[in-house]
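The values are calculated or read from the model by the stated rules, or taken from the named source; none is laboratory data. A quick note: this is a predicted structure, and the numbers were derived from the prediction, not measured. Here the Cβ positions follow ideal geometry from the backbone for every residue, glycine too, while neighbour counts run over all protein chains shown. For accessibility, only protein heavy atoms count, side chains too; no ligands or nucleic acids. Shrake-Rupley method; radii C 1.70, N 1.55, O 1.52, S 1.80 Å.
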Amino acid sequence: MQQLTDFLYWLDDLLWGNAMTVIVVGTGILLSLRFAFRYQRMIRFNFRNTFAKMFDKGEGEGTITGFQAACTALANTIGTGNISGVATAIVSGGPGALVWMWVSAFFGMSTKACEIIIGQRYREHYQKSMDEYVCDRSFVMKNAFGWKKGAVVLAVFCFVFGPWTCCVQTEAVTSSLDQAFGIPSIVSVTVLGITCLITIWGGLKRISGVMSKAIPIMAVLYIAMGLGVMILNFTHIPSVIALVFKSAFSPVAAAGGFAGATVRDAIQYGVARGMYSNDAGTGYGMIAHASAKTDHPVRQSLWGWGEVCLDTMIVCSITAFTIIFTGSYMESDATSGALTTFAFTKAYGSIGGQLTAIAITVFAWTTIIGMYYTCEKSVNYAFGDTERNRKMMPLYMIYYMLPCVVFYNIQADILWALTDIISAAYVAITLFFIYAKHKEIFALFDDFWKRYKPAKDRGENPPYVTFDCKEE
């Protein structure tokens, strides 16, 4: 077991070393330059076309509204990565890891937008087995490149190994509920497993409906808790911000229970955890947004800004500042969700730890459900728009939940290393898609800003730009 653990740590460190960091951040920089930073600087326009239209039914072809698709995507992003992942980043990379989360998120907005455009461009409408627009990495591999055999292999990899990335969710739930309430892990994981299974059994419309209600409410409550910590420690804000930026560019010495961190640690863990949290570059965006009703793929891609901004710039920052303000990373040996629970307990007393444990539980619950949807698309591809696809769904739901409820008690660092390794594979595939199909992405981007949007602004009604590769 120790040899396996050492191997996972070594592979994690290798995959998320300097090369991956440069490639991921560098891709975001190149795309942002090509897009003239529209996803970062046009905040008013982006907001009007995303959060301000969250209750609109949407225009164009699709299965669910753009907001529901975004909430399904946010279920993957606003989860324990914002709580547990940030905690592990601070423990391993020091306070400076937060700066590199911001950097990866700022440029990652453009990367996430490309994923959404690809998902809309190469989606298919499954009418026989589920009446749903679907896309994932396998659909793109077939429809964009014609690699049908490779697409099947990729689909099998994703639906077999995808559920294992959710083990970090149940570990965070069991550890935080045990610390805050003393609830036995077997009880927590049983309730979590049953409720998740009931929800995913209802399919996309139930999943998106639940996410569109649970995510906004829980995010607002968690943000309010974090802002309270900052208000209580208002006089320390300048020194904490200075510490964060200083730690991002210089080594941090060991102190208390903190083992110290190098600049390389800050960059590596900041980028890796930031990406796991907001999913920019992992390919999940193309899956969740493929089903959205929209009049143009680029309009839906504006949610790339909304998701990354809310997820990393706001929610992740709330967690990191709480841990740093309270000094918890130096006082406790805890990591993952337990450290964040400890930090809020220190700030508010026992009620703070209890509220955090509840937040972690809800976020983990929504993430497990959202991740199921992305894994299910690989099953859909493998079995096609047939009766076999419909019959496989109940069996896959059960398989999907098994790692979550059986392997929750593995050491958190091991689970995060495994998650990082699988995420690295997803990133490599997604970035390949973006580079290989960049001309089509840029053509759609330019079409929206130079033709479609000006026509709409003039009061014209240009035809919707929608795609269904099954009909091509």
Cα-centre dipole for region 285-379 with unit charges at Cβ (Lys and Arg positive, Asp and Glu negative), debye to 20: 180
Folded to 0 to 90 degrees: helix 387-406 orientation relative to the chain principal axis, Cα: 10
Under the √(5λ) rule applied to the eigenvalues of the Cα gyration tensor, what semi-axes describe the equivalent ellipsoid of region 211-299? Give them in Å, descending. 34, 21, 12
Excluding residues fewer than 8 places away in the same chain, name every one of the aspartates and glutamates whose C-alpha is closer than 18 Å to that of residue 346. 178, 331, 333
Taking one equal scatterer on every alpha-carbon of region 371-472, how large is log10 of I(q)/I(0) by Debye at q = 0.24 1/Å? -1.26
Correct semi-axes for region 318-426, from √(5λ) of the alpha-carbon gyration tensor and rounded to whole Å with the largest first, are 36, 15, 12
Take the alpha carbon atoms of region 147-184, find their center, do the same for region 192-239, and report the distance between the two centers in whole angstrom. 19
Computed over the Cα atoms of region 8-49, what is the convex hull's projected area averaged over all directions, in nm²? 4.2
Positive dipole terminus of region 1-67, leading residue within 11, 32, 22 (C-beta point charges): 32
How large is Rg/Rh for the chain, to two decimals, with Cα atoms and a Kirkwood Rh? 0.96
On the accessible surface of region 90-165, probed at 1.4 Å, how many percent belong to carbon and sulfur atoms? 66
For the chain, the longest principal axis of the Cα atoms and the Cα long axis of helix 97-121 enclose an angle in degrees, to the nearest 10, of 20
Å² of accessible area per residue within the chain, as computed with a 1.4 Å probe and no ligands counted: 38
Per residue, how big is the convex hull around the C-alpha atoms of region 141-200? Give it to me in cubic angstrom, could you? 101
Kirkwood hydrodynamic radius, computed over distinct alpha-carbon pairs, for region 217-369: how many Å, to one decimal? 17.1
Taking the C-alpha atoms of region 143-270, convex hull volume expressed per residue in Å³: 232
Can you tell me the Rg and Dmax of region 94-164, counting just the alpha carbons, in angstroms? 16.3, 52
Too long at a 20 Å Cα-Cα cut-off: which of 57/128; 293/377; 57/213; 57/439? 57/128; 57/439
Over the Cα atoms of region 282-331, what is the Rg over Rh ratio if Rh follows Kirkwood? 1.24
Considering the options 197, 240, 301, tell which one lies farthest towards the positive end of the dipole of the chain, charges being +1 on Lys and Arg and -1 on Asp and Glu at the Cβ, about the Cα centre. 301
Using alpha carbons only, how many degrees (0 to 90, rounded to 10) separate the axis of helix 350-383 from the longest principal axis of the chain? 30
Computed helical MRE - 222 nm, the chain, DSSP H runs ≥ 4 contributing -39500 (n - 2.57), nearest 500: -22500 deg cm²/dmol
Considering the convex hull of the alpha carbon atoms of region 67-213, report its projected area averaged over all viewing directions, in nm², one decimal. 11.3
How much of the accessible area of region 424-472, probe 1.4 Å, is carbon plus sulfur, in whole percent? 55
